[in-house]
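**Student:** What follows is a single structure, and I will ask about it in a moment.
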Amino acid sequence: MMDEDIFDVVNEHDEVVEQLPRSLVHAQELLHRAVHVLVFNNKGQVFLQLRSKTKDNDPGLWDNSCSGHVDAGESYVVAAERELMEEIGLLVEKPLEELFKLTASPETGMEFVTIFMTEAEGPFDLCPEEIDEGRWASTTEIRLALQTEPENYTPTFRMIWEQLENSY
């Protein structure tokens with residue numbers, strides 16, 4: 001049997017209640033934790049990733065710069081920093097800025113999602129198991145794309161972008 005990621009299962013207040021393997025957490029639709037990170041460059045563009053077509057969730061859709069689950073015993077910020085390294089090869093030099101948190105729901109895959117941002121210029125070293133390609137996009141381009149072709153973006157990205165737009 002393969003080694004499987006172990007996640008903290010949480011209650012409706014995001015308090016850890018037990019730890020279980022990823023497959024059980026997902027199969028039983030238990031509440032758990034995830035992070036998403038938006039990487040902006042000095043032109044105000046955000047780096048988007050095209051999720052690998054081999055991913056089990058949202059394959060071949062555009063998503064935030066990086067995202068991933070919070071492992072058992074891990075904090076949100078440590079998970080975000082780890083995911084940046086694993087997915088796009090970015091070692092952050094200054095603390096990530098926490099933007100907001102989404103409550104766990106069917107739309108988020110039963111995940112409490114903390115969204116962070118950071119600044120970097122790239123180029124990035126994309127993990128081929130996770131990402132098919134990446135690109136920079138302006139906020140105007142993203143706004144237009146979400147109006148004209150929302151089906152090309154992950155549901156979580158659309159939720160995050162909507163909340164980001166409404167808070168600034």
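**Student:** Suppose we filter region 63-85 for residues that are over 21 Å from ALA104 (Cα atoms) and either of a type in the set (Gly, Ala, Ser) or in contact with a Ser or Thr (Cβ under 8 Å, 6 or more places away or on another chain) (or both); how many remain?
**Tutor:** Of the residues in that region, 1 qualify.
**Student:** On the basis of being open to solvent by 30 Å² or more (accessible area, probe 1.4 Å), more than 11 Å from the chain's Cα centre (by Cα) and more than 18 Å from ILE160 (Cα to Cα), does SER52 make the cut?
**Tutor:** No.
**Student:** Do you know which of the residues in region 1-41 that are in a loop (DSSP other than H, G, I, E, B), touching a strand residue (DSSP E or B) at 6+ places or on another chain (Cβ under 7 Å) and in contact (Cβ under 8 Å) with a residue 40 or more places away in the chain is nearest to PRO123 (Cα to Cα)?
**Tutor:** Taking the candidates together, the pick is ASN41.
**Student:** Let me ask you something else. How about region 23-35: which of its residues are modelled with pLDDT of 95 or more and closer than 14 Å to GLY68 by Cα?
**Tutor:** Scanning region 23-35 gives HIS32, ARG33, ALA34, VAL35.
**Student:** Could you give me the residue pairs with C-beta distances under 7 Å whose first residue belongs to region 89-111 and is open to solvent by 90 Å² or more (accessible area, probe 1.4 Å), whose second residue is not in a strand (DSSP E or B) wherever it lies, and which are 6+ apart or on separate chains?
**Tutor:** LEU91/MET85; GLU107/PRO155; GLU107/MET159
**Student:** Ok, one more. With open to solvent by 40 Å² or more (accessible area, probe 1.4 Å) and more than 17 Å from the chain's Cα centre (by Cα) as the only criterion, which of HIS26, HIS13 stands out?
**Tutor:** Testing whether each residue is open to solvent by 40 Å² or more (accessible area, probe 1.4 Å) and more than 17 Å from the chain's Cα centre (by Cα) leaves just HIS13.
**Student:** Pick from LEU84, LEU164: which is buried (at least 20 other Cβ atoms within 10 Å of the Cβ), within 17 Å of the chain's Cα centre (by Cα) and either within 17 Å of ASP63 (Cα to Cα) or of a type in the set (Val, Ile, Thr) (or both)?
**Tutor:** From the options LEU84, LEU164, the qualifying one is LEU84.
The values are calculated or read from the model by the stated rules, or taken from the named source; none is laboratory data. Just so it is clear, the model here is predicted, and its values are computed rather than measured. All Cβ positions, even for glycine, are placed from backbone atoms using ideal geometry, and neighbour counts span all protein chains on display. All accessible areas refer to the heavy atoms of the entire protein, side chains included, with ligands and DNA or RNA removed. Shrake-Rupley method; radii C 1.70, N 1.55, O 1.52, S 1.80 Å.
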